[in-house]
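K.L.:
Handing you a structure now.
The values are calculated or read from the model by the stated rules, or taken from the named source; none is laboratory data. These figures come from a predicted structure and were not determined experimentally. When we count neighbours, we look across all protein chains shown, and the Cβ atoms used for this are built from the backbone with ideal geometry, even at glycine. Accessible surface areas use protein heavy atoms only, side chains included; no ligands, DNA or RNA. Shrake-Rupley method; radii C 1.70, N 1.55, O 1.52, S 1.80 Å.
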Amino acid sequence: MKIVWFSEIRWDYMRTRKQQLLSELARRHQILFIEPYTLGHRRPFSYRQDGPVHVLTLPALRPTPIKWLNRVLLMRLSWLYYVLLHPIMFARLNEMLRGSKIICSSIYFIPLLKWFSRPYYWDYNDDPEQFGPIPVWVRSGFREVLSRAEGIFAPSRLYERKLQGETRAPVYYIPNGVELVNFKSSPAGRRTGVCYLGAILQWSFDFELVQYLASQLPEGTLHLYGPVERGLDQEIEALTERFGVMAHGLLEYERIPATLSAYKVGIVPLKDNEVIRRAASGKVVQYLAAGLMVVSRPMEEYRNFSPCIQLHAEKELFAKSVKDYLKTQVKDAQLVDKLRDRDWKNLAARLEGILACGARRADGFAGQSSYPAAPGADSGGS
């Protein structure tokens with residue numbers, strides 16, 4: 001089977017749900033990951049291989065500050081944006097899509113979905129509006145795009161119910177998972193301290209909560225790991241200099257299990273709002289698999305994971321639970337059965353089964369990969 005994923009983030013940004021699923025599927029299938037061009041990173045229309053995964057970088061149709069240009073370019077002439085810029089590339093891409101199972105998770109690649117006019121699945125990993133207002137040209141057609149999908153993948157039960165009530169397409173529950181073999185086998189020494197693992201973004205990260213929590217803990221107890229959104233340098237500096245928080249920056253995925261094994265409590269200090277309550281943060285299952293107790297802002301997805309997790313909207317209760325957990329004995333493997341269902345191998349197999357049901361008459365799946373080899377790389381078959 002050939003799988004093409006139009007993504008809203010770069011392949012090498014962070015190891016998120018889509019990268020984990022595709023990395024598992026790449027053991028048996030051909031994968032083409034289409035990432036959006038980001039200023040300062042790889043040039044647009046570049047092509048490479050990361051292990052068995054083929055990665056193509058394309059400019060995405062994001063809105064401009066000029067309203068009339070948005071209406072003309074994005075609504076009327078969007079397909080010309082691609083065809084005129086790089087016609088040979090998109091002729092080749094059209095060939096790559098033939099016989100492939102297409103998954104999209106980026107609203108800014110919707111014009112490509114319409115242009116290629118092929119069956120597709122939608123991955124509703126995030127609510128598009130949580131990152132700010134979405135353009136009118138997207139909002140007006142987004143529900144139709146969802147309803148016309150072969151299926152929609154939902155990362156939480158709340159999103160599953162929400163989408164079932166809003167679209168005609170089948171909705172499939174595929175939550176965030178964890179590599180149990182790596183996280184459970186990580187050596188656990190003397191555990192101490194509190195950590196947060198994840199992106200630090202303006203729209204979601206609750207600096208006020210983290211400041212309050214740090215003020216209730218000894219200096220150097222709270223550690224942050226993850227990329228920081230541009231423009232938040234002053235906020236991070238305040239946490240480190242005024243509140244004694246240790247900010248380590250992005251942590252390579254391979255180092256996460258061993259790093260988590262040194263801590264006693266993992267936190268999810270996100271803002272308390274409807275979007276967060278619907279979410280199913282992947283860091284929670286990573287914490288639990290690594291043997292940490294967890295304190296998070298309320299997420300309906302994890303209410304039945306007690307007693308290893310506490311969910312609090314109030315900052316005072318949040319901090320109290322963290323301090324209480326720091327005093328208790330960590331109990332590993334309390335949630336083995338629930339976590340086994342969330343092993344990436346099992347979740348990838350679920351996705352594979354869904355795609356295979358609609359792929360029986362697709363062509364070109366066996367034998368040598370039909371995707372061209374990146375410069376300096378061998379083309380891998382599946």
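K.L.:
Can you pull out the residues in the stretch 143-169 that are assigned to a loop (DSSP other than H, G, I, E, B) and either of a type in the set (V, I, T) or open to solvent by less than 50 Å² (accessible area, probe 1.4 Å) (or both)?
P.N.:
Hits for the stretch 143-169 are A149, G151, P155, S156, T167, A169.
K.L.:
Can you name every one of the strands (runs of 3 or more DSSP E) wholly within the stretch 1-118 that holds 2 or more residues which are modelled with pLDDT of 90 or more and β-branched (V, I, T)?
P.N.:
2-6, 30-36, 53-58, 101-104
K.L.:
Of the residues that sit in the stretch 308-364 and are polar (S, T, N, Q) and outside any helix (DSSP H, G or I), which one is modelled with the lowest pLDDT?
P.N.:
Ranking the qualifying residues of the stretch 308-364, first place goes to Q334.
K.L.:
Counting just the residues of the stretch 261-287 that are in contact with a Phe, Trp or Tyr (Cβ under 7 Å, 6 or more places away or on another chain) and under 26 Å from L163 (Cβ atoms), which one comes out most open to solvent (accessible area, probe 1.4 Å)?
P.N.:
The qualifying residue most open to solvent (accessible area, probe 1.4 Å) is R278.
K.L.:
Among the residues of the stretch 119-130, write down those that are assigned to a loop (DSSP other than H, G, I, E, B) and farther than 14 Å from R143 by Cβ.
P.N.:
Those that are assigned to a loop (DSSP other than H, G, I, E, B) and farther than 14 Å from R143 by Cβ: P119, N125, D126.
K.L.:
In this structure, does L232 turn out to be closer than 24 Å to S321 by Cβ and not β-branched (V, I, T)?
P.N.:
no
K.L.:
To continue, here is another question. Name, by its number, the condition in (1) surrounded by fewer than 19 Cβ atoms within 10 Å (Cβ to Cβ); (2) modelled with pLDDT of 95 or more that does not hold for S296.
P.N.:
Among (1) surrounded by fewer than 19 Cβ atoms within 10 Å (Cβ to Cβ); (2) modelled with pLDDT of 95 or more, S296 violates only (1).
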